[in-house]
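The values are calculated or read from the model by the stated rules, or taken from the named source; none is laboratory data. Only a predicted model underlies this, so the values are computations on that prediction, with no experimental measurement involved. Backbone-built Cβ (ideal geometry, glycine too); neighbour counts: all protein chains shown.
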Amino acid sequence: MPVGVYIRTPEMKKKRMGNTWGFKKGCIPFNKGLSGSEWGGFEKGYTPWNKDKEIGPHSEEWRKKISESNSGEKHWNWQNGKSFEPYPLGWTKTFKEQIRRRDEYKCQNCGVPETETGRKSDVHHIDYIKENLNPINLISLCKKCHGRTYTNRHHWIKYYQELISRYQAA
């Protein structure tokens, strides 16, 4: 028999689950003997107000309208289509692997190694310019820390430039 697999006896179930209704022994439920309307429940044949309506807080039409109002140039973080620009030819898997190796396969912000995250670190452009492939401009970040760099760019540029300059001085 595999480890951790066993047959539960009725005694074991009772001990584990206790009283399945959540009442203490001897307690009488508040609605015992009352009909639905007497305790605030529903009578037989009652139709709820939301029957046949879409389940969820918003309709498909509303979601589409909101999506369109926040997409492309209307989005607060629009960067004039920068994300659609292609990377230069030197941006290869081996090049990114060299940057990760230089950074010892750790996030340079929080120090978490790739082995803990279960995925390769992202290679981040400190100045946010895709064409700048200078190794001094590149840094390894875990997915969580890389996600933080999408906002407040001026802060992160300054922060990582100071980090790299300290790294070079040492």
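On inspection, ARG63 fails the criterion of being modelled with pLDDT of 85 or more and assigned to a helix (DSSP H, G or I). Evaluate the following for GLU85: is it surrounded by 10 or more Cβ atoms within 10 Å (Cβ to Cβ), charged (D, E, K, R), closer than 25 Å to ARG153 by Cβ and modelled with pLDDT of 70 or more? In short, yes.
The test for being aliphatic (A, V, I, L, M), surrounded by 13 or more Cβ atoms within 10 Å (Cβ to Cβ) and under 27 Å from the mean Cα position of the chain (by Cα) does not hold for ILE164. For the range 47-57, the criterion of being over 23 Å from the mean Cα position of the chain (by Cα), loosely packed, with under 10 Cβ neighbours inside 10 Å, part of a helix (DSSP H, G or I) and modelled with pLDDT of 75 or more is met by no residue. The set of residues in the range 81-128 that are farther than 18 Å from TYR160 by Cβ, β-branched (Val, Ile, Thr) and not in a loop (DSSP other than H, G, I, E, B) comprises THR94, THR115, THR117. Checking the range 129-136 against the condition returns no match, with no residue being outside any loop (DSSP other than H, G, I, E, B) and out of contact with any helix residue (DSSP H, G or I) (no Cβ under 7 Å at 6 or more places or on another chain).
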